[in-house]
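These notes are about the structure you will find just below.
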Amino acid sequence: MGPAIVETIVIGAGPAGLTAALYLARFHRDVLVLHDSRSRALRIPLTHNAPGFPDGIDGPTLIERMTRHANEYGARIEEARVEQLRRVNDDYELSGSNGQIWRTRAVILASGILLNEVDLPPEVHEKAIGDAVLRYCPICDAYEHSGHRIGVLGHDTNGAAEALFLRQYSDQITLLPLSHPELLDEQKRELTEAGITLETGGLDRIEPAADAITVSLDNGKRLTFDVIYPALGCRPRTELAAQLGLCLDSDGCLPYSHVGGGTLAGFFAAGDVVEGLDQISVAMGHGALAATRCHNWLRDQDRHSLHARP
């Protein structure tokens with residue numbers, strides 16, 4: 001059996017991918033969304049940063065609504081893990097983990113990121129997120145922790161930057177190392193002048209509870225916080241872009257130029273795989289722009305094909 005032929009394929013069913021699918025469907029494009037159910041948005045217990053939802057909305061509900069919206073205009077959405085992406089003549093060929101193959105004229109990569117997480121059993125980790133004692137995005141959630149006891153895990157440049165960002169929300173900020181401090185004297189001085197407490201003991205264990213979270217250090221200290229923010233970075237899911245030979249930045253992200261179509265004809269990107277701010281609203285904007293540029297690129301290709309006919 002040969003590959004399934006699709007006009008456009010979106011990889012990823014988070015806010016970026018589903019927005020792209022909606023726009024393509026409303027452009028009367030044949031669009032298929034392939035995803036592996038690992039959208040980071042599905043893990044959001046409640047966000048107040050999604051415009052239009054003043055009472056907040058949980059991630060699964062948002063994704064369900066966006067999926068239904070795209071479906072209503074004809075977008076097809078299938079669960080499948082894409083493991084290979086390559087050029088075949090002027091098209092793209094995608095290979096799934098189950099052996100299925102798709103051929104498409106254009107691809108929008110919206111596969112998102114994976115968080116570098118603290119070492120907790122999965123069920124404990126997810127409950128701590130649900131209880132709002134463990135958070136990974138200060139831009140998303142810091143407002144809800146105004147005035148609280150906040151611990152930042154990661155005693156390096158990233159940890160220092162996150163602690164300073166959170167300082168505007170609370171005067172009870174503590175920066176905790178994973179193993180040993182990795183700060184320059186100038187960074188230590190800036191943090192101290194901002195009123196941020198610097199701990200030096202390495203991390204021993206983390207114990208979440210329903211309304212607080214306790215950190216034990218290897219120097220015997222036990223510190224209790226209302227919330228902890230691990231500043232451990234993330235891993236953009238750009239492996240498929242790398243397979244195409246596309247250049248990534250030092251963080252593993254695609255340059256912003258790929259939202260509008262970069263160096264490879266018919267390839268577009270949207271959402272957290274793109275350098276910039278990892279937010280739902282930004283991802284939606286990327287999805288709308290990538291889909292529109294994709295649609296217009298296809299129109300141009302079809303126009304050239306018509307002009308080339310005898």
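Below are the figures for this structure:
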read-out	value
Residue in the stretch 131-141 that is hydroxyl-bearing (Ser, Thr, Tyr) and either part of a strand (DSSP E or B) or more than 22 Å from ARG40 (Cβ to Cβ) (or both) present	no
Scope the stretch 163-173; condition open to solvent by 10 Å² or more (accessible area, probe 1.4 Å) and of a type in the set (A, V, I, L, M); matching residues	LEU164
Of residues in the stretch 102-112 being out of contact with any His (no Cβ under 9 Å at 6 or more places or on another chain) and open to solvent by 10 Å² or more (accessible area, probe 1.4 Å), the one nearest to LEU298 (Cα to Cα)	ARG105
Complete set of residues in the stretch 179-197 that are surrounded by fewer than 18 Cβ atoms within 10 Å (Cβ to Cβ) and closer than 19 Å to ARG149 by Cα	THR192, GLU193, ALA194, GLY195, THR197
Filter result (touching a Ser or Thr at 6+ places or on another chain (Cβ under 8 Å) and either closer than 16 Å to GLY14 by Cβ or of a type in the set (Lys, Arg) (or both)) within the stretch 71-85	ILE77, GLU79, ALA80, ARG81, VAL82
Matching residues in the stretch 212-222 - criterion: being in contact (Cβ under 8 Å) with a residue 40 or more places away in the chain and either in contact with a Leu (Cβ under 7 Å, 6 or more places away or on another chain) or open to solvent by less than 10 Å² (accessible area, probe 1.4 Å) (or both)	ILE213, VAL215, LEU217
Qualifying residue in the stretch 278-292 (condition: assigned to a loop (DSSP other than H, G, I, E, B) and of a type in the set (A, V, I, L, M))	no
Evaluation of VAL282 against (1) under 21 Å from ILE113 (Cβ atoms); (2) loosely packed, with under 15 Cβ neighbours inside 10 Å; (3) free of Cβ contacts under 8 Å to residues at least 12 places away in the same chain; (4) not hydroxyl-bearing (Ser, Thr, Tyr) (one fails), failing number	(2)
Some residue of the stretch 56-70 being in contact (Cβ under 8 Å) with a residue 60 or more places away in the chain and under 24 Å from VAL282 (Cβ atoms)	yes
The stretch 291-310 residues that are more than 19 Å from THR263 (Cβ to Cβ) and of a type in the set (Lys, Arg), paired with ones that are in a helix (DSSP H, G or I) and at pLDDT below 65 (beta carbon under 6 Å, 6 or more apart)	none
Residues located in the stretch 130-162, provided they are surrounded by 19 or more Cβ atoms within 10 Å (Cβ to Cβ) and hydrophobic (A, V, I, L, M, F, W, C)	VAL133, LEU134, ALA142, ILE150, VAL152, LEU153, ALA160
Hits in the stretch 223-257 (condition: under 23 Å from GLY130 (Cα atoms) and open to solvent by 30 Å² or more (accessible area, probe 1.4 Å))	LEU223, THR224, ASP226, LEU232, GLY233, CYS234, ARG235
Odd one out for ASP119, checked against (1) within 26 Å of GLY271 (Cα to Cα); (2) within 21 Å of the chain's Cα centre (by Cα)	(1)
Unmet requirement for GLN187, which otherwise passes all of (1) of a type outside the set (D, E, K, R); (2) modelled with pLDDT under 95; (3) assigned to a loop (DSSP other than H, G, I, E, B)	(3)
Considering residues of the stretch 50-101 that are more than 30 Å from ILE129 (Cβ to Cβ) and small (Gly, Ala, Ser) only, the residue surrounded by the fewest Cβ atoms within 10 Å (Cβ to Cβ)	GLY99
Out of LEU184, LEU191, sole residue that is hydrophobic (A, V, I, L, M, F, W, C), over 26 Å from HIS35 (Cβ atoms), free of Cβ contacts under 8 Å to residues at least 60 places away in the same chain and touching a strand residue (DSSP E or B) at 6+ places or on another chain (Cβ under 8 Å)	LEU191
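The values are calculated or read from the model by the stated rules, or taken from the named source; none is laboratory data. All figures in this text were calculated on a predicted structure; none of them were measured in a lab. Neighbour counts run over all protein chains shown; Cβ positions are idealised from the backbone, glycine included. Side chains are part of the model used for accessible areas, which takes the heavy atoms of the whole protein and leaves out ligands, DNA and RNA. Shrake-Rupley method; radii C 1.70, N 1.55, O 1.52, S 1.80 Å.
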